[in-house]
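Just below is one structure, and these are the notes that go with it.
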Amino acid sequence: MPAHPFRGVAIAGVHNTVQARRLPDHDSVSIALAGALGALTDAGISPHEVDGVVGPDCAHIALELGLGPCTRRPSSLGIPTILDAAALITTGQCDVVLVAAGGAGIHLDRTSAAPWTRPANELVVGYGLFTAAEFALMARRHMLTYGTTPEQLAAVAATIRTNGHENPDAVYHGRGPFSPGDVLASRMIADPFHLLDCATTSEGGCGVVLVSAERAAESEAPLWILGGASDAFGPAYTVAPVWDFRPRPDAEPAGMVGAAAARRAFAMAGLTPAEVDVAELYDPFSFEIIRQLEAFGFCAPGEGGSFVEDGNIAPGSRLPVTTDGGTMSFSHPGINAQQLQRVIRAALQLRGGCTTNQVPHAEVALCSNGGSGALFCDVLLLGRERP
Amino acid sequence: MSLLLPQPRGIPVPRPSLHSAAYWDGCRQHRLLYQRCAVCGYYGLGAFTVCAQCHATSPTWEASAGRGRLYSWTVVWQPPDPRFQVPYAPAVVRLDEGPFMMSAVIGCEPGALHEGLELSVEFHPASDDLTLPYFAPSSEDS
């Protein structure tokens with residue numbers, strides 16, 4: 001049997017900076033640098049040992065940390081940057097790769113949507129679309145097809161927001177606890193999404209350090225990539241978000257984006273959804289959790305609503321989901337950092353050191369990025385045991 | 001009562017691109033066009049230059065009769081830009097000819113929206129140069 005493709009790479013360090021609604025002393029590069037340095041400290045690795053940087057600010061980070069000459073990959077988003085960093089190591093191009101991202105000084109208009117969520121494309125701009133509306137158009141189809149209810153959406157939001165309420169590192173720590181009724185009573189943004197069904201906006205940075213397996217032997221508790229893959233149908237927030245869009249007659253519909261990636265990731269890992277101990281799912285809107293649970297195979301299509309309503313995603317349940325509060329409560333600091341933070345939380349769960357909602361003896365964690373309204377979805381499986 | 005209305009002039013307007021100019025020219029003339037592959041008949045989610053099915057490079061513009069059914073919708077109460085008047089109802093409409101298109105429903109209350117609602121296109125200017133296609137309930141359905 002061939003060796004696992006990621007057997008030669010480990011995650012050695014992770015870090016979140018302080019997260020806040022505003023970080024007035026930072027811009028996006030400076031807070032990403034803080035995330036980078038924190039991850040290196042966590043890994044016990046000197047910055048000058050880094051020979052590769054992955055992420056949108058990689059060139060700035062290489063300059064400011066004095067890493068040159070080094071490899072750089074200006075790729076974006078969380079899980080894809082981890083997979084790119086891992087590939088740099090497994091192909092022998094690098095030994096120590098830094099992934100860092102951050103967002104600060106980007107929310108200049110507090111009354112409006114986050115800047116990356118304002119579509120400027122000609123087919124959507126005149127109809128006042130933004131992410132809440134884009135994801136709502138997907139959620140509506142699920143509600144029409146399967147009878148999914150606003151109460152089921154609210155059960156997701158209440159669970160994740162209460163996770164954040166309990167987490168002292170969350171931007172919205174102490175704001176709860178939340179019941180589904182609280183979510184349904186909050187003002188309507190884009191039907192079926194109430195305010196509390198939606199992600200927040202905030203600022204912060206984060207970083208991850210990946211090393212070769214040889215280097216990992218020196219590390220205290222390396223974590224391992226068991227599987228990972230990505231799905232996309234097209235550019236986000238540019239064309240109509242149509243659940244039943246199929247670019248080919250034999251293709252899965254856009255509403256199931258992430259299903260193929262999950263199958264590939266599970267096959268790579270030799271695991272099934274039943275073997276996942278914790279799921280750090282990307283939560284731009286409450287509905288997206290229901291959809292991802294189905295797309296990733298945790299329940300059958302159409303059963304996500306009852307799955308969450310029956311208490312299966314709460315702390316202590318069969319599959320604790322988004323245990324730090326996610327983008328709804330922990331932080332949502334820019335399109336790259338907020339996706340990378342799902343990976344970081346999964347890593348912290350596997351290490352067993354989460355101060356709140358630690359899943360006992362978590363061996364396998366799944367994390368995700370993106371979602372149906374954005375027409376892309378990434379899946380990553382991490383574990384404590386070397387594959 | 002919150003009748004869904006076309007947006008007033010002054011909202012952010014689309015900027016036609018090289019390959020979509022014919023679509024927006026059609027809207028200005030109150031003709032709804034969609035693109036279809038001349039070889040295999042495929043239609044996508046907007047203007048294209050290469051067919052996503054057969055990869056032929058000869059799409060044509062077809063005129064739609066301007067009728068369709070409501071496929072999905074939302075009702076926005078907090079807009080991303082204060083120039084939009086709420087409530088408004090972004091919607092995906094399935095044209096009778098087959099294509100899905102992004103638009104918004106007008107001419108009814110939010111509570112009247114339901115799957116399969118029969119709709120007809122209406123054109124309303126968003127600026128001096130640009131006209132947007134909206135959809136209103138067809139007369140026999142309203």
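Bear in mind that the values in this text are calculations on the coordinates, not laboratory data. Here the structure is a predicted model, which is why all the values come from computation and not from measurement. Note that each Cβ is placed from the backbone with ideal geometry, even for glycine, and that neighbours are counted across all protein chains shown.
Per DSSP H run of at least 4 residues, take -39500 (n - 2.57); add these up for chain B, divide by its residues and hand me the 222 nm value, nearest 500 deg cm²/dmol.
Helix contribution divided over all residues of chain B: -1500 deg cm²/dmol.
Mind checking which of A:ALA190, A:PRO301, A:MET268 is farthest towards the positive end of chain A's charge dipole, using Cβ charges of +1 (Lys, Arg) and -1 (Asp, Glu) about the Cα centre?
Ranked along the dipole, the leading option is A:ALA190.
Calculate, in whole percent, how much of the Cα-Cα pair population of region B:50-91 lies beyond 12 Å.
Counting every Cα pair in region B:50-91, those more than 12 Å apart make up 74 percent.
Which distance in Å, rounded to a whole number, links the C-alpha centroids of region A:225-273 and region A:22-49?
32
Sequence-distant or interchain residues sharing an amide H contact under 5 Å with A:ALA190, placed H: which?
B:TRP77
Read phi for every residue in region A:348-360 and hand back ³J(HN,Hα) as whole Hz from Karplus 6.51 cos²θ - 1.76 cosθ + 1.60, θ = phi - 60°, with x for Gly and Pro.
5, 4, 5, 6, x, x, 5, 6, 9, 6, 5, 7, x
If r is the Cβ-Cβ distance from B:ALA22 to A:ILE106 and R0 is 41 Å, what FRET efficiency results, to the nearest 0.05?
Here the calculated transfer efficiency is 0.65.
How much net charge surrounds A:PRO273 when only other residues with a Cβ under 12 Å from its Cβ are counted (Lys, Arg +1; Asp, Glu -1)?
Surrounding charge for A:PRO273 is -1.
Which distance in Å, rounded to a whole number, links the C-alpha centroids of region A:170-207 and region A:342-376?
Each part reduced to its Cα centre gives a spacing of 19 Å.
Pick out, from A:ALA12, A:LEU98, A:LEU129, the residue whose Cα sits farthest towards the positive end of the charge dipole of region A:1-145, with +1 on the Cβ of Lys and Arg and -1 on the Cβ of Asp and Glu.
A:LEU129
Can you run phi through the Karplus equation (6.51, -1.76, 1.60; θ = phi - 60°) for region A:250-264 and list ³J(HN,Hα) in whole Hz, with x for Gly and Pro?
3J(HN,Hα) across region A:250-264, in whole Hz: 8, 7, 5, x, 4, x, 9, 4, x, 5, 5, 4, 5, 4, 5.
Starting from the Cα gyration tensor of region A:320-387, take the square roots of the eigenvalues, sort them a ≥ b ≥ c, and report rounded, prolate or oblate (rounded when a/c is under 1.5, otherwise prolate if a/b is larger than b/c, else oblate).
Oblate, because a/c is 1.5 or more while a/b does not exceed b/c.
Just to be sure I understand: if I project the alpha-carbon convex hull of chain B onto a plane and average over all orientations, what area do I get in nm²?
Its average projected convex-hull area is 8.8 nm².
In whole angstrom, note down how far apart the Cα centers of region B:85-142 and region B:1-44 are.
12
Charges on Cβ only, +1 for Lys and Arg, -1 for Asp and Glu, centred on the Cα centroid of region B:21-141; of B:MET101, B:PRO82, B:HIS30, which one is farthest towards the dipole's positive end?
Result: B:MET101.
How large is the dipole of region A:12-151 about the Cα centre if only Lys and Arg carry +1 and Asp and Glu carry -1, each at its Cβ, rounded to the nearest 20 debye?
500
One-quarter of the Cα convex hull surface for region A:9-103, in nm²?
Approximately 5.6 nm², given one-decimal rounding.
Is there a quick way to get the dipole size of region B:21-141? I mean about its Cα centre, with the Cβ of Lys and Arg at +1 and of Asp and Glu at -1; what is the value in debye to the nearest 20?
That gives a dipole near 280 debye.
What is the Cα coordinate range of the protein assembly as shown on the first, second and third principal axes, sorted by size from largest, in whole angstrom?
Ordered largest first, the protein assembly as shown gives principal extents of 73, 51, 49 Å.
Using helices alone, I'd like the mean residue ellipticity at 222 nm for chain A: each DSSP H run of four-plus residues gives -39500 (n - 2.57), total over residue count, nearest 500.
-9500 deg cm²/dmol
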